[in-house]
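Visitor: Here it is: the structure, laid out below.
The values are calculated or read from the model by the stated rules, or taken from the named source; none is laboratory data. All figures in this text were calculated on a predicted structure; none of them were measured in a lab. In this analysis, Cβ positions are derived from the backbone assuming ideal geometry, glycine residues included, and neighbour counts consider all displayed protein chains.
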Ligand code: CP3
């Protein structure tokens, strides 16, 4: 018998990987799995290589980026790598004074709330993300047939950090600017869209096989506000990378799924608040779905986790394509052995459950 192609085999191609086929709604009964934040603090090998190195400094070192991106691929045998970086990296390259504070998130030295703030954002220039190009190149060579997912932050989510100055619960200043000064908001989002598009384009040009646009906090908006004040700029970002499959994700976006599809996605990411079958009803047959195990359940006893994984697979079986994932990122306290068991379960039982 012919062994299944492995990543090391010449001729094996990420363009025909299970992940890319699922994005294209032609996965058959196979079920690909990866995890948002699969690289990071839940892995002891990550904590070890990051020791004494600041998050944003690590993102600028291609050797470290490649090593950290590969760690979960080696450990879990997931069906995709996600580029180790951060949604704030292109903003830093554009001159924004920012830091990523462990346990807190991005913190901006001078929040952007007026025209002078806007002028501190310099447009992207060719070569300013050369460390990204280099890291993606290393990864594509090492990954072989395993696809690399590139990513960027959507303008609304990036703007929320820039305007608030850091993480926020209610996005009150962001929304006040959004509805109070639509012209300034439009200009801010236009600039952020260019930076995110440039970040995505750089990753795709260097060999990423798919992209995910993270609009993590868009679920805080009504459908009307999302349509008027977020969607146009997310659409313009996704329009720059039509040559690869596009995944569009946010948290708490059950009411926005169809709009997020219309922004130009092939796959819409779904959190744990609605079943994948409900998401599929809302999206229609033109979109694949990604998700949606509640990450907070990963600490529950295995028989419970196992049943919830099967339930998500069953619910996703009505979608024209399904990529198994969590409903949001891996929590830092997660036991990696549980994620390993989830991957094995998805691979072992996914095809039969989907076929059922
Ligand atoms: O494995 C992966 O998913 C790849 C890399 C990745 C990171 N950030 C690494 C990271 C990705 C895709 C992101 C995206 C990102 N960054 C998002 C969108 C995804 C989401 O969670 O909704 C957002 C909102 C950010 C901003 C950000 N950066 C936050 C909120 C935090 C967490 C702060 C904390 O310490 O809890 C970060 C830091 C960050 N980004 C870490 C990692 C591995 C932790 C940094 C550390 O090790 O201290």
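Visitor: Of the residues in the stretch 45-57, how many are free of Cβ contacts under 8 Å to residues at least 12 places away in the same chain and assigned to a helix (DSSP H, G or I)? First the steps, then the outcome.
Guide: The first filter runs over the stretch 45-57 and keeps only residues free of Cβ contacts under 8 Å to residues at least 12 places away in the same chain, leaving 47-48, 51-53, 57.
Going one step further and asking which of them are assigned to a helix (DSSP H, G or I), we end up with 47-48, 57.
Number of matching residues: 3.
Visitor: Look through the stretch 19-39, keep the residues that are assigned to a loop (DSSP other than H, G, I, E, B), at pLDDT 95 or above and surrounded by fewer than 21 Cβ atoms within 10 Å (Cβ to Cβ), and return whichever of them is farthest from the ligand (Cβ to nearest atom).
Guide: Applying the filter and picking the extreme gives 26.
Visitor: Something else: Just one of (1) farther than 23 Å from residue 237 by Cα; (2) out of contact with any strand residue (DSSP E or B) (no Cβ under 6 Å at 6 or more places or on another chain); (3) at pLDDT 95 or above trips up residue 103, so point out which.
Guide: Here residue 103 meets the rest and fails (3).
Visitor: Okay, next question. Of all residues in the stretch 248-265, which are surrounded by fewer than 24 Cβ atoms within 10 Å (Cβ to Cβ) and touching a strand residue (DSSP E or B) at 6+ places or on another chain (Cβ under 6 Å)?
Guide: Once the filter is applied, which keeps residues that are surrounded by fewer than 24 Cβ atoms within 10 Å (Cβ to Cβ) and touching a strand residue (DSSP E or B) at 6+ places or on another chain (Cβ under 6 Å), the stretch 248-265 yields only 261.
Visitor: If we keep just the residues of the stretch 85-98 that are assigned to a loop (DSSP other than H, G, I, E, B) and either at pLDDT 95 or above or touching a helix residue (DSSP H, G or I) at 6+ places or on another chain (Cβ under 8 Å) (or both), which is surrounded by the most Cβ atoms within 10 Å (Cβ to Cβ)?
Guide: To start, the set of residues in the stretch 85-98 that are assigned to a loop (DSSP other than H, G, I, E, B) comprises 85-88, 94-97.
Next, from what is left, pick out any that are either at pLDDT 95 or above or touching a helix residue (DSSP H, G or I) at 6+ places or on another chain (Cβ under 8 Å) (or both): 85-88, 94, 96-97.
Values: 85: 27, 86: 18, 87: 20, 88: 23, 94: 20, 96: 22, 97: 11.
My answer is 85.
Visitor: Need a quick list: helices (runs of 4 or more DSSP H) entirely within the stretch 266-356 having at least 1 residues that are within 16 Å of the ligand (Cβ to nearest atom), surrounded by fewer than 18 Cβ atoms within 10 Å (Cβ to Cβ) and in contact (Cβ under 8 Å) with a residue 24 or more places away in the chain.
Guide: 336-355
Visitor: Do the conditions hold for residue 51, that is, is it at pLDDT 95 or above and within 20 Å of the chain's Cα centre (by Cα)?
Guide: No.
Visitor: Continuing with the same structure: Taking interchain pairs and intrachain pairs at least six residues apart, which have beta carbon atoms under 6 angstrom, with the first residue in the stretch 103-124 and crowded, with 19+ Cβ neighbours inside 10 Å and the second in a strand (DSSP E or B)?
Guide: Cβ pairs passing all conditions: 106/98; 106/100; 108/98.
Visitor: Go through the residues of the stretch 218-225 one by one and say whether even a single one is touching a residue at least 12 places away in the same chain (Cβ under 8 Å), crowded, with 24+ Cβ neighbours inside 10 Å and touching a strand residue (DSSP E or B) at 6+ places or on another chain (Cβ under 8 Å).
Guide: No; the residues of the stretch 218-225 include none that is touching a residue at least 12 places away in the same chain (Cβ under 8 Å), crowded, with 24+ Cβ neighbours inside 10 Å and touching a strand residue (DSSP E or B) at 6+ places or on another chain (Cβ under 8 Å).
Visitor: When the residues of the stretch 136-179 are filtered to those that are more than 12 Å from the ligand (Cβ to nearest atom) and outside any helix (DSSP H, G or I), which remaining residue is surrounded by the most Cβ atoms within 10 Å (Cβ to Cβ)?
Guide: 147
Visitor: How many of the residues in the stretch 69-84 are near the ligand (Cβ under 10 Å from one of its atoms) and assigned to a helix (DSSP H, G or I)?
Guide: Total meeting the criteria: 3.
Visitor: For the subset of the stretch 199-215 comprising residues that are touching a residue at least 60 places away in the same chain (Cβ under 8 Å) and under 20 Å from residue 158 (Cα atoms), which member is nearest to the ligand (Cβ to nearest atom)?
Guide: 214
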